[in-house]
Structure formats: structure tokens, C-alpha cells
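Undergrad: Right, I'll just put the structure down here and ask away after.
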Amino acid sequence: MNDINIKENQPLHNMWRMSVAPMMDWTDRHCRYLHRLLSQHTLLYTEMVTTGALIHGDVPRHLRFDPSEHPVALQLGGSEPADLAQSARLGAQWGYDEINLNCGCPSERVQRGSFGACLMNEASLVADCVKAMVDVVDVPVTVKHRIGIDKIESYDFVCDFVGTVADAGCEVFIVHARNAWLKGLSPKENREIPPLRYEMVSQLKKDFPQLTIAVNGGIKTDDTVLEQLQQVDGVMVGREAYHNPWWLASWDALFYGDDSKERTRESVEEQMVLYMEREAREHGTHWYSIARHMLGLRNGLPGARRWRQTWSDHRLKTLPPHEVMKLARTKPADLPEAATI
């Protein structure tokens with residue numbers, strides 16, 4: 001086991017120790033399949049799925065996932081207890097390991113639906129939503145939220161929110177350590193402009209030692225992860241995990257003490273090609289929509305730019321993925337003129 005500094009009383013296999021954040025348009029089932037190839041233990045989250053999409057839409061399209069993705073959590077967006085209970089039941093029936101309620105998204109579209117970060121203003125409603133879900137599923141019901149909204153920067157606000165929701169049966173809170181500004185900032189700006197205040201998340205853990213508290217927001221290095229694991233139970237990584245997926249390949253050894261599986265970028269790429277071929281046969285999925293998730297796999301290596309350009313070249317869409325991989329691995333001087341991009 002690596003020489004890592006871990007709190008003595010903290011279990012290495014707490015399910016929320018390391019996770020990849022739910023990210024709209026990014027953490028679909030193809031992205032999660034890639035991330036599972038890179039880490040066996042990291043908890044993976046779906047994109048946020050609204051209750052309306054499940055109750056009135058195509059359930060298999062939203063909930064289908066590969067068995068290898070476990071542990072995998074379904075994040076729901078909604079604010080009606082009955083609808084959330086129905087959606088949570090569907091998620092549990094489909095085999096998800098956790099049902100998570102989004103109380104952190106600040107986008108105007110989500111606000112118009114009266115859910116996301118604006119729910120932090122209605123802790124009693126969130127408690128009702130959580131209780132409705134807890135009553136109908138046997139898997140953990142968790143909440144992802146911010147430390148505050150708009151100009152509310154008082155610790156008491158988030159402390160009262162967690163206390164109220166915990167009383168309804170929620171035992172796991174994933175806390176984005178920034179405020180959400182509901183007016184005046186875009187979702188992108190909401191991930192960058194409100195200051196990070198990790199100390200508020202660690203204070204929650206001190207005040208609620210019986211709860212599982214994970215921190216999210218601005219985490220990009222091993223050192224930051226290890227520092228946070230001294231304070232809280234888990235770390236959720238967002239965009240850095242997506243843009244630099246190879247980082248996940250070190251997590252099992254570094255954060256779980258499990259170095260049993262060796263990986264190479266080449267072997268992961270080959271497994272993704274096999275997955276692309278299977279998805280095409282079974283679901284008619286074009287490899288191009290899968291390849292977009294692995295474009296950061298070779299970041300920082302010589303030839304990464306050309307490799308990335310090959311996999312994202314729309315002119316190669318008619319080729320099978322194993323041929324695209326071959327082109328991506330071919331040195332420019334070895335390429336026939338017609339294949340040069």
C-alpha cells in the first residue's frame with residue numbers, strides 16, 4: 001500500500017471516498033464506462049435526470065447503464081416529493097447504488113423548475129423530498145448542495161439546512177464549497193467566481209460527525225485530495241476528472257490502497273474501441289459520440305494533439321473505430337497522404 005496520510009478512523013472503502021461529479025452533457029453512460037476502466041473503486045454519477053423526464057419520457061434512455069459501472073449513483077432533479085419518490089423507485093429498480101437529489105445547480109432553467117440550488121431556501125421541502133424517497137428505496141438517498149446561495153454566507157444557513165434534511169433520513173451530503181448565485185452569474189461563472197470555502201465543509205463534519213460529508217469544488221491535485229480527506233469523508237472531482245481522465249488511473253492505489261490493476265492508456269483505448277463496437281451492434285450508437293469523452297486521455301504526452309484530432313475528425317466517421325485507433329496511433333510520417341489530417 002502506498003505511504004499515504006489517511007485519518008486512522010476513516011475506512012478506505014467508504015463508497016463516497018472518491019467520486020466523479022454529475023455533469024450535464026458529460027457524465028453519460030459512455031463517459032462513466034471510460035472512468036470505470038480507469039478506476040475500479042471511484043463512485044460515478046449520472047448527469048442530472050429530471051423527474052419529468054423519467055415519469056413522462058424514455059426511461060431506458062435515461063437509466064440504462066453497463067453493469068461494470070457499479071458503484072453508480074443516479075442524480076435526480078425535482079421538488080415534488082411524490083414525483084421524486086416515483087423516480088427514486090425507478091432508479092432503485094434499475095440497479096443504481098444511490099439516489100442523489102440535486103440542490104446545487106444554479107442555472108436559470110433549473111430555477112424555473114423550482115429545483116436545484118434554490119431548494120436550499122426551502123430546507124423543510126427538501127426534507128419532505130428526502131423522506132418520500134427514503135420511504136420507498138433501500139439504497140442511500142443523498143443530497144448534493146452548496147454552502148449558501150446569493151449573498152447568504154453565514155455558516156448557520158448551511159448548518160441548519162443539513163440538520164433539517166438529516167432529520168428526514170439523509171445520512172450523506174456532498175457539499176460544493178461555494179455559494180450559488182441565483183442571479184447575475186452563469187452556471188460556468190458559478191463554478192469559478194464565488195470563493196471556495198472548504199473550511200465550512202470541514203466544520204459541517206465536526207458538527208455532524210455521524211454523517212458522511214464529502215467536499216466538491218475546484219479540486220485538481222492529489223495534494224488537495226489528501227488534504228481534504230483529513231477533514232471530511234470524501235472528495236468529489238468534477239471537470240478535472242473529465243478533461244484529464246488519466247488522473248483517475250492513480251486513484252485506486254493512492255486513495256484506496258489498491259494497486260492490483262495496472263493500466264496503460266493504450267489498453268484503455270483498446271477497451272473503449274471494443275465497447276464502441278458493442279454499443280454499435282446492440283444499440284446503434286455511433287462511435288463518434290463515445291470517443292468525445294476520451295479526448296483528454298493522452299493530455300501532456302507527445303503526439304496528444306494529433307491523436308485527439310484524429311478521434312474527433314468528423315471526416316473519419318465512416319470508418320470503424322479500430323481503424324480510427326490505428327490512424328490515431330500512426331506517426332505522421334507513416335500516414336498515407338489520403339489519411340493525413
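The values are calculated or read from the model by the stated rules, or taken from the named source; none is laboratory data. In this text the structure is predicted, and so the values were computed from the model without any measurement. Every residue, glycine among them, receives a Cβ derived from its backbone with ideal geometry; neighbour counts consider all protein chains shown. Note: areas computed on protein heavy atoms with side chains; ligands, DNA, RNA excluded. Shrake-Rupley method; radii C 1.70, N 1.55, O 1.52, S 1.80 Å.
Undergrad: Heavy atoms only, probe 1.4 angstrom, no DNA, RNA or ligands counted: give me T285, T264, T27 ranked by accessible area, highest first.
TA: Values: T285 25, T264 65, T27 5 Å².
If we order T285, T264, T27 from most to least accessible, we get T264, T285, T27.
Undergrad: Shifting gears a bit: Under the √(5λ) rule applied to the eigenvalues of the Cα gyration tensor, what semi-axes describe the equivalent ellipsoid of the stretch 241-282? Give them in Å, descending.
TA: Working: eigenvalues 119, 28, 17 Å².
In descending order, the three semi-axes are 24, 12, 9 Å.
Undergrad: Could I ask something else about it? Return the inverse of the average 1/r over all pairs of distinct C-alpha atoms in the chain, which is the Kirkwood hydrodynamic radius, in Å to one decimal.
TA: Values: mean 1/r = 0.0477 Å⁻¹.
One decimal place: 21.0 Å for the Kirkwood radius.
Undergrad: Let me ask something additional. Among 161-169, 314-322, 98-106, 69-77, what's the highest-first ranking by average C-beta atoms within 10 angstrom per residue? Walk me through the numbers before you get to the answer.
TA: Numbers: 161-169: 19.2, 314-322: 13.2, 98-106: 26.0, 69-77: 22.6.
So the order, starting with the most tightly packed, is 98-106, 69-77, 161-169, 314-322.
Undergrad: Measure off 7 Å from each Cα along the Cα-to-Cβ vector at K188 and S68, then give the distance between these two points in nanometres to one decimal.
TA: Distance between the two pseudo-spin positions: 3.3 nm.
Undergrad: Please give the helix 265-283 orientation as an angle from the longest Cα principal axis of the chain, in degrees from 0 to 90, rounded to the nearest 10.
TA: Approximately 80 degrees, to the nearest ten.
Undergrad: Using a Gaussian network for the chain with springs between C-alpha atoms less than 10 Å apart, which of these wobbles most: G257, G91, G300?
TA: Its mean-square fluctuation being the largest, the pick is G300.
Undergrad: For W26, what accessible surface area do you get with a 1.4 Å probe? Give it in Å², rounded to 10.
TA: Taking all protein chains as shown, W26 has close to 60 Å².
Undergrad: Please work out the FRET efficiency for the pair Q309 and M24, using the Cβ-Cβ distance as r and a Förster radius of 25 Å; give the result to the nearest 0.05.
TA: Efficiency at R0 = 25 Å is approximately 0.45.
Undergrad: Still on this structure, please answer the following. Hey, with R₀ at 22 Å, roughly what FRET efficiency would Q271 and E323 work out to, going by the Cβ-Cβ distance, to 0.05?
TA: 0.85
Undergrad: Viscosity 0.692 mPa s, temperature 37 °C: Stokes-Einstein D of the stretch 208-335 from its Kirkwood Cα radius, in µm² per second?
TA: For the chosen part, D equals 195 µm²/s.
Undergrad: Here is a follow-up. Applying 1/(1 + (r/R0)^6) with R0 = 35 Å to the Cβ-Cβ distance of S289 and D135, what FRET efficiency is obtained, to the nearest 0.05? Could the numbers behind the result be given before it?
TA: Numbers: r = 37 Å, r/R0 = 1.07.
Step by step, r from the Cβ atoms, then E = 0.40.
Undergrad: Taking amide H positions as placed in the peptide plane 1.01 Å from N, state which residues far from N216 in sequence (5 or more) or on other chains have amide H under 5 Å from it.
TA: Close amide H contacts, sequence-distant or interchain: V175, H176, A177, M236.
Undergrad: Work out from phi, with θ = phi - 60° and the Karplus expression 6.51 cos²θ - 1.76 cosθ + 1.60, the ³J(HN,Hα) of each residue of the stretch 193-207, listed in order in whole Hz, and give x for Gly and Pro.
TA: 8, x, x, 6, 9, 4, 4, 6, 6, 5, 5, 4, 5, 5, 7
Undergrad: Just the accessible area per residue of the chain, please: how many Å² with a 1.4 Å probe?
TA: Result: 44 Å² per residue.
Undergrad: Under 8 Å for C-alpha pairs, at least 6 residues apart: give me the relative contact order for the stretch 178-243, rounded to a whole percent. Can you show the working numbers first?
TA: Numbers: 65 pairs, mean separation 17.7, N = 66.
Across the stretch 178-243, relative contact order equals 27 percent.
Undergrad: Over the alpha-carbon set of the stretch 124-227, divide Rg by the Kirkwood Rh and report the Rg/Rh ratio to two decimals.
TA: Radius of gyration relative to Kirkwood radius: 0.98.
Undergrad: Relative contact order (percent) for the stretch 72-163, with alpha-carbon contacts under 8 angstrom and 6 or more residues of separation?
TA: It comes to 32 percent, rounded to a whole number.
Undergrad: Now for a separate question. So what is the relative contact order of the chain, in percent, for Cα pairs below 8 Å that sit 6 or more residues apart?
TA: Once divided by the residue count of the chain, the mean separation gives 16 percent.
Undergrad: Quick check: Cα centre of the stretch 274-299 to Cα centre of the stretch 231-250, how many Å?
TA: Using only Cα atoms to place each centre, the spacing works out to 21 Å.
Undergrad: Order the following by accessible area, largest value first: W16, W94. Probe radius 1.4 Å; ligands, DNA and RNA are ignored. The partial results should precede the final answer.
TA: Working: W16 30, W94 95 Å².
Of W16, W94, the descending order of accessible area is W94, W16.
Undergrad: Angle between the Cα long axis of helix 123-134 and the longest principal axis of the chain, 0 to 90 degrees, nearest 10?
TA: The angle comes out at about 60 degrees.
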